[in-house]
Amino acid sequence: MHSQVVVLGGGPGGYAAAFMAADLGLEVAIVESDPRLGGTCLLRGCIPSKALLHVAKIISEAEDMAEWGVEFAKPKISIDKVRARKENVIDTLTGGLAQLAKRRGVRRIHARGLFVDSTTLQLEGGDPATYDNERLTFDHCILATGSVPTMPGFLDIKSPRVMDSTGALKLEDIPGTLLVVGGGYIGLEMGTVYAELGTKVSVVELTEGLLPGADRDLVKPLEKRVRQRFAGVHLGTKVTGLKDAGDHVAVSMEGPEMSGEHKFDRVLVAIGRRPVSKGFGLENTKVKVNERGFVEVDKQQRTADPHILAIGDVAGDPMLAHKASYEGKIAAEVLAGEPAQFDAHAIPAVVFTDPEIAWAGLTVEEAKRDGRIIEVAQYPWQASGRAIANGRTDGLTKWIIDPETERVLGCGIVGAGAGELIAEAVLAIEMGCQVRDVAETIHPHPTLSETVAFAAEAYLGTATEIYKPRKKKE
């Protein structure tokens, strides 16, 4: 078998690359070890977690309505129905991808692909009916193998009570108690799901703050609500060992609040992800892999091997589905002979907790690290009519601005629905907008989107909903 382009991996980066390449007139085949397209994001990551977070949000909002004089009975949860609905969401989307591949003429090969050399894959397992030869040759391959959860050896005790994010999303039961090891976005999102379903959730984080690396102004409102909804949040705490005790997991910890051994029904280990760059023969090619396991690529997603390109999680941080899709389209365009390259100024990131956190472009921490002079403009949601009406004033919108040019360099938002608001900021950063462009763009009232403009007005000294005259320049 031979194909002009082979995409190894059928996740959001892989199928985007394959579909774009096919649209550009190239002959394309996708090699995927899972029978369905979608990868981690669709099958056991972004999509199922957001489906479950929707359930958690409804439960939380129903409880919050008591402040408005509207009280609901305690929800009755059928875990089987919740799980079935989540699977239905996945099936709907994977079925759609299968149809899109068929309509584009993209060949789907259900098998594990291993590099024999720079232009040949050995196909193993899967469904032999999808391939008529165990060797698949190609002119070019787009590597889109993604990433998997990190599980340190001392925590990997092979117990059904100890889960990674994939196991947590299976939602096999609602445990009485759950320990989340890691205060990053995966741990907090899944902790939110289980907490709203009725589990007493505790989080331990090795560093001194949740969401290490995120803007502290954005994290504060989230941490406050998490501490209200979770059984415990323990910072500066290290898990030193796990032991399956039959009906519970015995967890040994060291920290200012949680030391010694503690019992939990289940443990979720959520301390990050690692790229999948080993175990399928990359050493038989000229591809270079760095010390962190990422495949090295240039701005056109080309590797050191002229026959192989790489995209998505395996090609470097940030490990985000939309970044993978963006890179996949670039790789396809490059192979079609178009002058494409990765030139994005802002890659948005969203933490789908309650409240949500979203940011894009330059952060305050990055500016400090690089010695860059910036100015920060903030708008508190306590002054937003829509936030007050919604009963969710625990939000903040902030702009990072170049004081010389007044261009917007970055944006951070925390609050209900922050993930839906950040795209406007990304567009403004990409277009090189000045802060006045944002402030003078008429936003609908009353909406939370107004806070994006109001934060810009706060910088200019023209905000009317708050009193914050702009400082005079010396």
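How large is the accessible surface per residue of region 207-255, computed with a 1.4 Å probe and reported in Å² as a whole number?
On the way: 2210 Å² over 49 residues.
Accessible area per residue, region 207-255: 45 Å².
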Where a Cα-Cα gap under 18 Å defines reach, which aspartates and glutamates qualify for residue 81, not counting those fewer than 8 residues away within the same chain? 91, 172, 173, 196
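Please report the antiparallel percentage of DSSP beta bridges with both residues in the chain, rounded to the nearest 5.
Details: 46 of 78 bridges.
Restricted to the chain, the bridges split so that about 60 percent are antiparallel.
Taking all protein chains in place and a 1.4 Å probe, what share, in percent, of the accessible surface of region 1-125 do carbon and sulfur account for? Please report the intermediate quantities before stating the final value.
Numbers: 3350 of 6270 Å².
The computed percentage sits at 53.
May I ask you to order 281-290, 305-314, 396-405 by the average number of other C-beta atoms within 10 Å around their residues, highest value first?
305-314, 396-405, 281-290
Give the Kirkwood hydrodynamic radius (Å, one decimal) of region 72-191, defined as one over the mean of 1/r across all pairs of different Cα atoms. Display every interim value, and only then the final one.
Numbers: mean 1/r = 0.0535 Å⁻¹.
Kirkwood hydrodynamic radius for region 72-191: 18.7 Å.
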Karplus-derived HN-Hα couplings along region 382-398 (A = 6.51, B = -1.76, C = 1.60, θ = phi - 60°), whole Hz, x at Gly and Pro: 4, 9, 8, x, 5, 5, 5, 4, 7, x, 10, 8, 7, x, 7, 10, 9
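Which FRET efficiency value, to the nearest 0.05, do you get for residue 317 and residue 129 by plugging their Cβ-Cβ distance into 1/(1 + (r/R0)^6) with R0 = 45 Å?
Values: r = 38 Å, r/R0 = 0.84.
E(calc), rounded to 0.05, equals 0.75.
Quick one: which of 177-183, 270-276, 107-113 comes out on top by average Cβ neighbours within 10 Å, and what's the full order, highest first? Intermediate results must be reported in sequence, preceding the final value.
Values: 177-183: 25.9, 270-276: 19.9, 107-113: 21.6.
Averaged packing, sorted descending, gives the order 177-183, 107-113, 270-276.
Could you order peptides 150-160, 321-331, 47-57 by the average number of other Cβ atoms within 10 Å of their residues, highest first? Working shown, then result.
Working: 150-160: 12.0, 321-331: 24.0, 47-57: 19.7.
In descending order of packing, they fall as 321-331, 47-57, 150-160.
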Can you give me the accessible area per residue for region 381-474, using a 1.4 Å probe, in Å²? 50
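What is the magnitude of the charge dipole of region 4-77 about its Cα centre, with +1 placed on the Cβ of each Lys and Arg, -1 on the Cβ of each Asp and Glu, and no other charges, expressed in debye to the nearest 20?
Values: 6 positive and 9 negative charges, 46 e Å.
So the dipole magnitude of region 4-77 works out to roughly 220 debye.
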Largest first, how would 370, 64, 132 line up by accessible area (1.4 Å probe)? 132, 370, 64
Answer with one residue from 250, 235, 213: the one whose Cα lies farthest towards the positive end of the charge dipole of region 167-281, charges on Cβ with Lys, Arg +1 and Asp, Glu -1. 213
Quick calc, residue 85 & residue 261: beta-carbon distance into FRET formula, R0 45 Å, rounding 0.05, result 0.75
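Of the GluC sites (Glu not before Pro) in region 1-87, which ones lie in a loop per DSSP and count no more than 12 other C-beta atoms within 10 Å?
When the GluC sites (Glu not before Pro) of region 1-87 are filtered for loop state and at most 12 Cβ neighbours within 10 Å, 71 remain.
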For region 167-287, share of DSSP beta bridges that run antiparallel, in % to the nearest 5: 45
Sequence of 364, 193 when ordered by accessible area, the most exposed leading, probe 1.4 angstrom: 364, 193
Among all cysteines in the chain, which have no other cysteine Cβ under 4.7 Å from their own Cβ? 141, 411, 433
Could you tell me the extents of the chain's C-alpha atoms along the three principal axes, largest first, rounded to whole Å? 69, 61, 40
Leaving ligands and nucleic acids out of the surface, order 239, 89 by accessible area at 1.4 Å, largest first. 89, 239
Pairs of lysine residues in region 236-330 - Cα separation under 25 Å, sequence separation of 8 or more or cross-chain: 15
FRET efficiency for residue 240 and residue 27, using Cβ-Cβ distance with R0 set to 51 Å, rounded to 0.05: 0.40
Do the sum for the chain: with -39,500 (n - 2.57) for every DSSP H run of n ≥ 4, divided by all residues, what is the mean residue ellipticity at 222 nm, to the nearest 500 deg cm²/dmol? -10000 deg cm²/dmol
Quick one: accessible surface of residue 127, probe radius 1.4 Å, all protein chains present, in square angstrom to the nearest 10. 60
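The values are calculated or read from the model by the stated rules, or taken from the named source; none is laboratory data. These numbers come from a predicted model, not from an experiment. FYI the Cβ positions are ideal-geometry reconstructions off the backbone, even for glycines, and counts take in every protein chain you see. Please note that ligands, DNA and RNA were not included when accessible areas were found on the heavy atoms of the full protein model with its side chains. Shrake-Rupley method; radii C 1.70, N 1.55, O 1.52, S 1.80 Å.
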